[in-house]
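Q: Following this message is one structure expressed as structure tokens.
The values are calculated or read from the model by the stated rules, or taken from the named source; none is laboratory data. Quick caveat: nothing in here was measured; it's all calculated off a predicted structure. Here the Cβ is made from the backbone with ideal geometry for all residues, glycine too, and neighbour counts use every protein chain on show. Side chains included, ligands, DNA and RNA excluded: accessible areas come from the protein's heavy atoms. Shrake-Rupley method; radii C 1.70, N 1.55, O 1.52, S 1.80 Å.
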Amino acid sequence: MSFSDIMGMPLLASKHGAEVDRLIFYIHALMAALFVGWLGYFFLTLIKFRKSANPKASYLGVTSHFSSYLEGFVAIIEAVLLIGFAVPMWAHMADGFPKDSDATVIRVTAEQFAWNARYPGRDGKFGQQDIKLAGASNPLGYDPKDPASKDDIIPPLNEMTVPLGKPVIAYITSKDVIHSFKILPFRVTQDAIPGLVIPLWFEPTKPGRYILNCAQLCGNSHYFMRGTFNVVSPADYEAWVTEKSKAGSGPVSFE
């Protein structure tokens with residue numbers, strides 16, 4: 001039985017998610033132990049030092065160092081959780097970043113209140129962007145004269161698709177205010193900040209249609225900012241890329 005099952009957590013659908021769930025379980029186990037321990041100590045104090053058993057107050061104070069030892073022990077456990085689990089997990093995600101050539105790469109641009117995605121197409125290169133080119137018909141400012149832009153794939157708003165069994169690298173930014181890219185089954189959350197492009201990677205392990213939420217309050221329609229993240233078989237993904245690479249093609253359904 002996994003830690004996700006033990007804690008009744010949402011579906012787990014990414015490789016690194018098991019490490020996240022394990023850390024969450026250990027933290028909650030420590031908090032539960034502290035809650036039970038300190039609650040028991042509280043009731044013990046009420047009983048042991050009740051007025052009827054101690055009619056005369058003692059001004060000597062605590063003479064035992066047990067509480068200091070206990071606090072030191074708790075601090076050691078917290079250090080073990082941090083150094084032994086949290087830091088290695090972070091280091092693995094930071095140092096184990098896959099190459100763009102070995103991953104499905106997506107540029108994700110958040111805006112009030114939608115998610116824009118762009119794929120590099122068959123050539124593996126994104127077209128150049130210039131803020132001076134941005135407008136109603138070209139909101140992200142891509143250069144239509146750049147040859148690399150010709151095969152870039154732009155799915156409908158709030159829709160992204162990736163193949164199963166391959167890492168995903170999402171370069172996340174925002175057009176207006178701070179948003180947050182969150183897909184709970186993948187155990188990933190990353191703020192989308194105007195002026196910054198922040199890379200995030202993960203590897204889906206289960207095919208399906210997942211909900212992409214904005215986890216940062218971003219305006220009066222924040223609740224409406226929701227996208228669909230599809231994980232499909234490599235063959236279906238190739239069909240999707242082929243269809244999207246055609247001029248004027250519509251969205252491909254994986255129902």
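Q: Among the residues of the range 50-67, is there at least one that is open to solvent by 90 Å² or more (accessible area, probe 1.4 Å), in a helix (DSSP H, G or I) and over 21 Å from LYS182 (Cα atoms)?
A: Within the range 50-67 (the criterion being open to solvent by 90 Å² or more (accessible area, probe 1.4 Å), in a helix (DSSP H, G or I) and over 21 Å from LYS182 (Cα atoms)), the answer is yes, since at least one residue qualifies.
Q: Next up: Can you name every residue in the range 95-113 that is aromatic (Phe, Trp, Tyr) and within 19 Å of LEU164 (Cα to Cα)?
A: Within the range 95-113, just PHE97 meets the criteria.
Q: Residue check: is LYS125 without any contact (Cβ under 8 Å) to a residue 24 or more places away in the chain, in a helix (DSSP H, G or I) and either of a type in the set (Gly, Ala, Ser) or open to solvent by 70 Å² or more (accessible area, probe 1.4 Å) (or both)?
A: Values: without any contact (Cβ under 8 Å) to a residue 24 or more places away in the chain: yes; in a helix (DSSP H, G or I): no; either of a type in the set (Gly, Ala, Ser) or open to solvent by 70 Å² or more (accessible area, probe 1.4 Å) (or both): yes.
Taking the combined requirement at face value, the residue does not satisfy it.
Q: Does LEU70 satisfy being of a type in the set (A, V, I, L, M, F, W, C), loosely packed, with under 10 Cβ neighbours inside 10 Å and in a helix (DSSP H, G or I)?
A: When the stated conditions are applied, LEU70 does not pass them.
Q: Return the residue satisfying two criteria in turn: it lies in the range 94-122 and is part of a loop (DSSP other than H, G, I, E, B) and open to solvent by 70 Å² or more (accessible area, probe 1.4 Å), and of such residues it is nearest to TYR223 (Cα to Cα). It would help to see each step written out before you state the result.
A: Kept after step one, since they are part of a loop (DSSP other than H, G, I, E, B), are these residues of the range 94-122: 96-99, 103, 112-113, 120-122.
Restricting the remaining residues to those that are open to solvent by 70 Å² or more (accessible area, probe 1.4 Å) gives 97, 99, 112, 122.
Numbers: PHE97: 32, LYS99: 34, GLN112: 11, ARG122: 35 Å.
The qualifying residue nearest to TYR223 (Cα to Cα) is GLN112.
Q: Are any of the residues in the range 172-183 open to solvent by 20 Å² or more (accessible area, probe 1.4 Å), of a type in the set (Val, Ile, Thr) and assigned to a strand (DSSP E or B)?
A: Of the range 172-183, the ones open to solvent by 20 Å² or more (accessible area, probe 1.4 Å) are 173, 175-178, 182.
Imposing the further condition that a residue be of a type in the set (Val, Ile, Thr) reduces the set to 173, 177-178.
Narrowing further to those that are assigned to a strand (DSSP E or B): 173.
Yes: one or more hits.
Q: Just one of the numbered conditions (1) free of Cβ contacts under 8 Å to residues at least 12 places away in the same chain; (2) closer than 22 Å to VAL36 by Cβ; (3) under 22 Å from the mean Cα position of the chain (by Cα) is not true of LEU81; which one?
A: The one condition LEU81 does not meet is (1).
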